[in-house]
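One structure is given below, encoded as structure tokens.
The values are calculated or read from the model by the stated rules, or taken from the named source; none is laboratory data. It should be emphasised that the depicted structure is a prediction, and the values quoted were computed from it without experimental measurement. Don't worry about glycine lacking a Cβ; one is built from the backbone with ideal geometry, like all the others, and counts go over all protein chains shown.
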Amino acid sequence: MENHSGVGTCGPDGWQGKGTFTSQDGLIVLSVDYGDEDFHIDAKLGHSPADMRTVLAQARARGLEPMDADECEPEILEDSTIRIYLVLADQPAPEQTVSIAEIQARRRQSSAKRVTFAFALAVSVAAALFLPSPLRFDYIPDHDRADSREIYAPTQPTMAPTRG
């Protein structure tokens, strides 16, 4: 890409001029006019995608980005040139700075959570070791006994005969 004509520094840096940037094959032209706020790319048929990526990178370097399709669709001019309109890109929000006091408070909270978790884990292990477990008793019937059904079958209450 070459053939710069007045497009030097980008508009957000304070430059209020106008100019063009043309691809090597001359099929893509980036036009910038910060005074009238007119920014567009004119692309003729047969341009290469690599040249379009380079022109778009030049536009982004100048603080511009293509408009969304729902805002403004590309326009086809009389000579079959496609015009893509650009807008000033949104500036990224400044990152929030975190004070040292906030970092220290987060560390204290984090270490308190770790200590609480370690204590809960230790209590769980101690309870598992010292409390009686239902697994210590033999709930499985002993198949060596001939009459195992009677031992484990539920008993029915019997009524004692009454004398009277």
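Some notes on this structure:
- When the range 36-55 is filtered for residues that are among the β-branched types (Val, Ile, Thr) and under 31 Å from the mean Cα position of the chain (by Cα), the ones remaining, listed by number, are THR54, VAL55.
- Meets criteria (of a type in the set (D, E, K, R), under 24 Å from the mean Cα position of the chain (by Cα) and part of a loop (DSSP other than H, G, I, E, B)) for ASP90: yes
The rows are residues; the columns are (1) at pLDDT below 60; (2) of a type outside the set (A, V, I, L, M); (3) within 30 Å of ALA61 (Cβ to Cβ); (4) surrounded by 10 or more Cβ atoms within 10 Å (Cβ to Cβ).
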position	(1), (2), (3), (4)
SER111	no, yes, no, yes
PHE130	no, yes, no, no
ALA146	yes, no, no, no
GLN156	no, yes, no, no
ALA160	no, no, no, no
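- For the criterion of being of a type in the set (Lys, Arg), surrounded by 10 or more Cβ atoms within 10 Å (Cβ to Cβ) and in the same structural domain as GLY19 (by TED's automatic domain parsing), ARG107 fails.
- As for the range 17-25, it holds no residue that is part of a strand (DSSP E or B) and at pLDDT 90 or above.
- Any hit, the range 2-14, residues being modelled with pLDDT under 85, assigned to a loop (DSSP other than H, G, I, E, B), polar (S, T, N, Q) and touching a Lys or Arg at 6+ places or on another chain (Cβ under 9 Å): yes
- Reported count of residues in the range 62-93, each being exposed (fewer than 10 other Cβ atoms within 10 Å of the Cβ) and at positive phi, is 1.
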